[in-house]
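Taken together, the values in this text are just the output of simple stated rules run on the coordinates, not laboratory data. Only a predicted model underlies this, so the values are computations on that prediction, with no experimental measurement involved. Cβ sites come from the backbone with ideal geometry, for glycine too, and all protein chains shown count toward neighbours.
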């Protein structure tokens with residue numbers, strides 16, 4: 001996981017962003033109801049949860065290195081690296097979105113749009129980024145708070161991941177039983193474990209240095225099975241307490257898939273590598289294109305050619321924002337002494 005791109009992880013990231021893009025393009029551009037609507041929603045959910053597990057797996061490698069000498073200064077470097085990776089493009093898109101929609105989305109500037117949900121948010125897709133940023137912030141802080149009681153290295157990261165998982169499960173259980181009107185999918189409190197299962201997979205990878213038992217076929221089989229159960233849960237109302245199992249089950253099996261894919265395709269590939277590289281840009285810019293460009297394209301060229309144009313335009317715009325915003329900040333992060341974590345992967 002250190003120092004170079006991995007083809008398997010590129011494939012996972014490319015697949016995740018294509019699932020999200022297909023889901024949003026279909027739901028915004030076509031009238032989908034009933035079974036079709038459920039399938040479209042499922043595609044988006046699968047893509048986002050796959051992102052969570054992949055992020056946890058990648059960030060787990062950095063956290064393991066950090067845990068060898070966890071101090072306030074090293075935790076600060078970790079957070080600066082994360083923020084330089086995620087925040088510049090986010091704020092660029094947020095400012096542009098506020099200008100395009102002619103309104104200021106104040107909660108979004110402080111990553112509070114999931115804490116105080118509002119229908120007129122200008123970056124609706126950023127709810128998942130809120131969860132990840134909270135995870136990035138909490139994990140090193142919990143490591144600092146518990147380093148005296150837990151072993152350093154992999155053991156510390158392993159135990160902190162389980163602490164966050166336990167806290168999230170407790171929150172989901174209490175909220176589900178109480179019938180509180182909180183979204184247990186997007187609200188930060190019940191999703192504290194969003195990337196923790198990927199971190200657990202990274203710990204197992206660091207300890208075992210081999211793919212999960214059964215390899216990729218077993219991981220994919222488990223993912224297909226859980227996805228099927230999740231789809232049924234979307235069509236039939238499950239008991240309230242069982243809904244606490246939906247997202248963790250997906251994240252867990254997807255973490256196994258990510259771990260197995262790391263070994264299955266070790267070398268980077270061209271197309272998947274390109275899509276993987278610009279995936280974060282695609283995720284942030286595609287909703288603007290769907291909102292402002294897609295209606296005109298559908299009216300002029302029809303749904304099929306209009307969809308093709310929208311996808312191509314999204315890829316072009318994402319490539320530009322990657323080159324002009326993401327890449328320069330990644331270069332600065334790599335060169336800046338304050339942000340350097342020796343031996344850490346470029347996640």
Rounded to 0.05, the calculated FRET efficiency for the beta carbons of residue 207 and residue 300 at R₀ = 35 Å is 0.05
Assuming R0 = 35 Å, can you tell me the calculated FRET efficiency for the pair residue 263 and residue 316, based on Cβ-Cβ distance, to the nearest 0.05?
-> 0.55
Taking 322, 247 and counting other beta carbon atoms within 10 angstrom, the fewest-first order is 322, 247
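From the helices alone, meaning DSSP H stretches of at least four residues, give me the mean residue ellipticity at 222 nm for the chain, per-run term -39500 (n - 2.57), in deg cm²/dmol to the nearest 500.
-24500 deg cm²/dmol
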Using a simple spin-label model with points 7 Å from Cα along the Cα→Cβ vector, what separation in nm is obtained for residue 186 and residue 4?
-> 4.1
Can you bin the stretch 283-327 into rounded, prolate or oblate? Criterion: square roots of the alpha carbon gyration tensor eigenvalues sorted a ≥ b ≥ c, rounded for a/c under 1.5, prolate for a/b above b/c, oblate for the rest.
-> prolate
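Using a Förster distance of 25 Å, how high is the FRET efficiency between residue 18 and residue 331, based on the Cβ-Cβ distance and rounded to 0.05?
According to the calculation, E is roughly 0.40.
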Rel. contact order, % - alpha carbon contacts under 8 angstrom, at least six apart, the chain | 33
Residue 162 to residue 80: extension gain in nm, 0.36 nm per residue of separation minus the Cα-Cα distance?
-> 27.1 nm
Amide N proximity, the stretch 120-156 versus residue 106 label position 7 Å along Cα-to-Cβ, cut-off under 12 Å | none
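Cα gyration tensor of the chain, axes a ≥ b ≥ c as square roots of the eigenvalues: rounded (a/c below 1.5), prolate (a/b > b/c) or oblate?
rounded
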If each of residue 147 and residue 169 carries a label point 7 Å out from its Cα toward its Cβ, how far apart are those two points in nm?
-> 2.8
Relative contact order in percent for the stretch 265-318 (Cα pairs under 8 Å, 6+ apart) equals 39
Within 10 Å of each residue's Cβ, count the other Cβ atoms and sort 109, 78 from fewest upward.
-> 109, 78
